[in-house]
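Let me begin by handing over the structure; questions about it come next.
The values are calculated or read from the model by the stated rules, or taken from the named source; none is laboratory data. Since the model is a prediction, treat every value here as computed from it, not as a measurement. Quick reminder, even Gly has a Cβ in these numbers, built from the backbone with ideal geometry, and neighbours come from all protein chains shown. Areas reflect the complete protein model, heavy atoms only, side chains present, ligands, DNA and RNA absent. Shrake-Rupley method; radii C 1.70, N 1.55, O 1.52, S 1.80 Å.
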Amino acid sequence: MKRFFTSFCVLCMFSTVLLAEPLRVATLHPLLTELAQTLGGEQVEVLSLLPPNANPHSFDPKPSELTQLQQVNLVLAMGKNLEPYLDRIKANLPAGVNIYEVGRPVPSVVIDPRNATFACCPRHMHGAVDPHWWQSPQAMRRATRHLGKELEKLLPEHKAVIRERTRAHMDVLAELDQWIEGELNRVPKRQRILVTAHAAFGYFCDVYGFQALPVKGLAGDQSATPAELGESIEILKENKIRAVFPEIGGRNHNIHALQEATGIKLGEPLLADNINSEDTSYVDMMKHNTNSIVAALGEKETP
Amino acid sequence: MRGRPVAELLVALTLIILGIIPVQFLTRTPSGLADAGEGAEDLARSEVWIELRSSHAPESWSIWHEGQQLWTGGGDTRADADLELHVHGGQIQLEVSGSWPDLEDSAYVEIRVEPDGLEDRRAGAWAKQEFRKNFQWSWE
Ligand SMILES: [Zn+2]
């Protein structure tokens with residue numbers, strides 16, 4: 001009986017230690033690192049695989065990074081086919097550890113086939129799903145709610161605090177959404193056309209009533225041919241486009257050429273695929289993009 | 001040939017049954033697929049997240065769906081719930097009721113629905129002390 005009690009006490013102590021251990025989460029995007037830390041607080045320990053400024057479409061995890069995955073309890077991916085290397089991640093995970101695709105609950109926006117020349121890479125061309133779901137705070141809010149539920153399941157003893165943090169972050173995102181909507185009111189309907197270097201703003205355009213304009217020769221590693229540039233200039237003129245938007249850390253070769261050829265305003269570069277520094281939060285990113293769009297396409301504020 | 005009518009009948013019946021089973025098997029609709037549906041049109045029952053927000057905390061509020069009270073709460077400016085709803089022909093109908101007995105002014109009520117796999121929709125209305133309103137959303 002005594003031995004039974006000793007074993008029982010050891011078991012209890014062991015489970016207490018286990019419960020106190022944070023959940024080890026690996027993330028495949030800095031925005032997911034922020035989200036996991038915001039919702040998980042001290043109950044999670046985050047291993048961030050993709051650094052700010054890195055291209056999530058062409059990220060190639062090093063063997064040393066894949067080895068680190070042996071220590072994690074959960075992997076967070078953006079999903080919607082953004083990470084072409086998920087199979088390699090999966091193959092390196094310990095048994096029972098899952099990849100949770102944070103963007104999965106978000107209804108997909110399909111890239112308009114006419115906008116295929118905007119696509120970031122061949123996988124996202126011709127009617128494929130736009131993977132950049134985080135460009136809509138409403139989508140981010142839905143994803144946050146679902147991730148909160150997932151973390152509640154994995155950390156049942158911290159359910160209440162995770163729910164509280166999830167709801168608080170959802171409020172932040174609702175406020176952000178309202179702020180963006182308010183700011184974009186300064187952009188007249190006829191100017192709600194977003195010309196960017198790659199088709200990363202489908203969700204943003206969908207939510208805020210913008211149109212992504214198909215213009216040949218803006219995206220991709222290749223320079224546009226003179227004929228393609230000529231056609232693009234015509235389209236921009238026809239649509240009375242006021243500004244085009246390069247991307248921070250993106251491939252902007254053609255957009256600069258186009259701007260030089262047309263004299264159209266170049267908007268402040270947008271953040272599309274990634275944040276540009278560790279200090280940039282999701283809210284900062286969305287506010288930066290909104291300010292850039294409003295500054296280039298908005299009407300001047302009447303005093 | 002006419003000597004054993006019972007045996008012939010049994011053979012014929014066996015052949016018919018043996019023939020019917022594979023045909024039935026090939027032509028039936030798999031039950032799981034029938035429920036899942038391909039688009040909003042076929043969606044029968046769906047998990048829907050509902051969020052209620054109000055500028056003033058109501059004493060109580062509730063959500064009704066197809067004549068049934070599915071959820072009730074109160075005392076807060078915000079509440080949410082996961083509910084199982086019927087989505088008929090890509091449409092959701094809900095009735096929201098609330099009461100603010102001490103309210104002198106008006107309260108603004110916003111309801112947001114997020115069905116699994118479908119885009120979210122929201123609607124708002126002004127309320128005065130007692131409120132009961134039907135909301136309907138549709139998806140293409
Ligand atoms: Zn991209």
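Given H placed on each backbone N at 1.01 Å, which residues far from B:Trp71 in sequence or on other chains put an amide H within less than 5 Å of it?
Amide H neighbours of B:Trp71: B:Ile63.
May I pose another question? Would you mind working out the accessible area per residue for segment B:40-138, using a 1.4 Å probe, and quoting it in Å²?
Value for segment B:40-138: 50 Å² per residue.
What list of ³J(HN,Hα) couplings, whole Hz, do you get for segment A:197-205 from phi and the Karplus terms 6.51, -1.76, 1.60, once you set θ to phi - 60° and write x for glycine and proline?
Result, rounded to whole Hz: 6, 8, 6, 10, 10, x, 6, 4, 4.
OK, next. For A:Asn73, what residues show an amide H to amide H distance below 5 Å, using hydrogens built from the backbone and excluding near sequence neighbours?
Long-range HN contacts for A:Asn73: A:Arg24, A:Val25, A:Ala26.
Same structure again: Counting only other chains, and only Cβ atoms inside 10 Å, what mean value do you get across the residues of B:116-123? Mind showing how you got there, number by number?
Details: counts 3, 5, 1, 9, 7, 0, 1, 0.
Average per residue, whole number: 3.
Among A:192-199, A:54-61, A:234-241, A:78-85, what's the highest-first ranking by average C-beta atoms within 10 angstrom per residue?
On the way: A:192-199: 23.8, A:54-61: 16.1, A:234-241: 14.0, A:78-85: 20.2.
Highest to lowest by the protection proxy: A:192-199, A:78-85, A:54-61, A:234-241.
With a point put 7 Å past each Cα toward its Cβ, work out how far A:Ala227 is from A:Val110 in nm, to one decimal.
3.0 nm
Using the structure shown, select from A:Lys240/A:Lys265; A:Lys80/A:Lys189; A:Lys189/A:Lys240; A:Lys237/A:Lys265; A:Lys265/A:Lys300 the pairs with a Cα to Cα distance greater than 18 angstrom. Walk me through the intermediate numbers first.
Numbers: A:Lys240/A:Lys265 12 Å; A:Lys80/A:Lys189 30 Å; A:Lys189/A:Lys240 12 Å; A:Lys237/A:Lys265 12 Å; A:Lys265/A:Lys300 15 Å.
Violating the 18 Å Cα-Cα cut-off are A:Lys80/A:Lys189.
With a 1.4 Å probe and all protein chains left in place, how much of the accessible area of segment B:40-138 comes from carbon and sulfur atoms, in whole percent? Don't jump to the answer; show the numbers that get you there.
Numbers: 1980 of 4970 Å².
The computed percentage sits at 40.
Oh, and also: Which whole number gives the average, over all residues in A:145-158, of C-beta atoms from other chains lying within 10 Å of the residue C-beta?
Values: counts 5, 3, 0, 0, 2, 0, 0, 0, 0, 0, 0, 0, 0, 0.
Taking all residues of A:145-158 together, the mean is 1.
List the accessible area buried at the contact between A and B, summed over both sides and calculated with a 1.4 Å probe, in Å² to the nearest 100.
Details: alone 15060 and 9630 Å², together 23500 Å².
The A and B chains share an interface burying roughly 1200 Å².
Search the structure for amide H atoms under 5 Å from the amide H of A:Val44, placed 1.01 Å from N in the peptide plane, and list their residues when 5 or more places away or on another chain.
When sequence neighbours closer than 5 places are left aside, the close amide H contacts are A:Leu23.
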